[in-house]
Amino acid sequence: MSIAFLLTTLIVVATPGTGVVYTLAAALSRGRRAGVVAAVGCTLGIVPHLLASVTGVAALLHASATAFQVLKYAGVAYLLHMAWATLRDKDALVAGEGEAAPPSARQVIVRGVLINILNPKLTVFFLAFLPQFVSPAEPHAVVRMAALGGVFMAATFLVFAAYGLLAASVRGQVLGRPRVRAWLRRGFAGSFVALGAKLAVTTR
């Protein structure tokens, strides 16, 4: 495993995106445990993209404009749904369905998984990124690609969990100030809208 791979992975993972926004929102509204659970969900959402890359499905997706557009706009729709749910739920910062009871760990994980599954840029990323570090002539190239994908997932979990723990550490100050809480909720909703808009105009 090269230093270039590790550095590139850390840069990609640490750059704020939908998963980071979701993890921050979960940690600020529900605490450290929710932040870590959200990080788990976002990490698990990488698995389908990794499997697609390893099996070659990602290449088909990349080649099919229709498949790419369908997945892209499904992701846009889900991000807009998350934005609306965040604004609607005035009692919590987490992007949920406005439920009276706090979301269960399973619900938090499922939402995190959906966020990353409905992100076609992850599939394209694995298609273009991982092969650069695996020689086609190398024995067990598929195993090596899967191992590198596992490293990417581990880095995702560690970085996202760190984001969550950091957000949870200031949770007390946030929850004790209704105005700050309201502006943060709007900020998270706006972030989901902005990320959805960015995804809508992206091309392969």
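Label positions at SER2 and THR66, each projected 7 Å from the Cα along the C-beta direction, are separated by 3.8 nm. With all protein chains in place and ligands, DNA and RNA left out, the 1.4 Å accessible area ranks TYR22, TYR73 as TYR73, TYR22, largest first.
Solvent exposure of MET153, expressed as accessible area, is near 40 Å², computed with a probe of 1.4 Å over the protein chains only. Modelled label positions at ALA182 and ALA141, each set 7 Å beyond Cα in the direction of Cβ, lie 5.8 nm from each other. The amide H of LEU118, built 1.01 Å from its N in the peptide plane, has no neighbour under 5 Å, considering only residues 5 or more places off or on other chains.
The values are calculated or read from the model by the stated rules, or taken from the named source; none is laboratory data. Computed from a predicted structure; not experimentally measured. No Cβ is skipped: glycine too gets one built from the backbone with ideal geometry, and neighbour counts run over all protein chains shown. Calculation scope for accessible area: heavy atoms of the full protein, side chains included, ligands and nucleic acids excluded. Shrake-Rupley method; radii C 1.70, N 1.55, O 1.52, S 1.80 Å.
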